[in-house]
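In what follows, a structure is listed as structure tokens, so that the remarks can point back to it.
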Amino acid sequence: MTRVLLPILCVLFASAARSADRYIVIVSGASGDAQYAGRYETWRQTLINALVEGMAVDPSHIDVLFDGADEAHEATAGNVRRVLDALRGTMRADDVAMVVLMGHGTFDGIEAFFRRHLGGDA
């Protein structure tokens, strides 16, 4: 995953000015059973390490919401809105934000979409 992800991050952040701050929101939805929960945890940590160590992103600029977290970090629509609203008040015009959705898709026989596990108010 890192071999694919790091070059993508480099391209995305290459256009950002050196003085711009970078903010990342990682939303990891329903993991299902323990096997998948472990994979998602590994993927989240790999991404965070790549951002902090490889891209020099300030760790305080990374918000992580995930299935199984405490109430403030649970991957719910309300928490996503809260984090994005906080960023709106923090970011300047030249800053860069990236939202990463980590999860699995759903296909209802007609349309494919990102799984809606963000609570009843999604």
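Put the Cα centre of region 32-92 next to the Cα centre of region 93-107 and the gap is 10 Å.
What's the ranking of 20-30, 83-93 by average number of surrounding C-beta atoms within 10 Å, highest first?
Numbers: 20-30: 19.9, 83-93: 11.7.
Result, highest mean Cβ count within 10 Å first: 20-30, 83-93.
Taking amide H as placed 1.01 Å from N in the peptide plane, the amide H of ILE26 sits under 5 Å from that of ASP63, VAL64, LEU65, VAL100, each at least 5 places away or on another chain.
Any idea what the dipole of region 30-114 comes to, in debye rounded to 20, about its Cα centre with Lys/Arg Cβ at +1 and Asp/Glu Cβ at -1?
Values: 6 positive and 14 negative charges, 33 e Å.
It works out to roughly 160 debye.
Where a number appears in this text, it was derived from the coordinates with a stated rule and is not lab data. This structure is a prediction, so every number in the text was calculated from the model and none was measured. Positions of Cβ are backbone-derived with ideal geometry, glycine not excepted, and every protein chain shown enters the neighbour counts.
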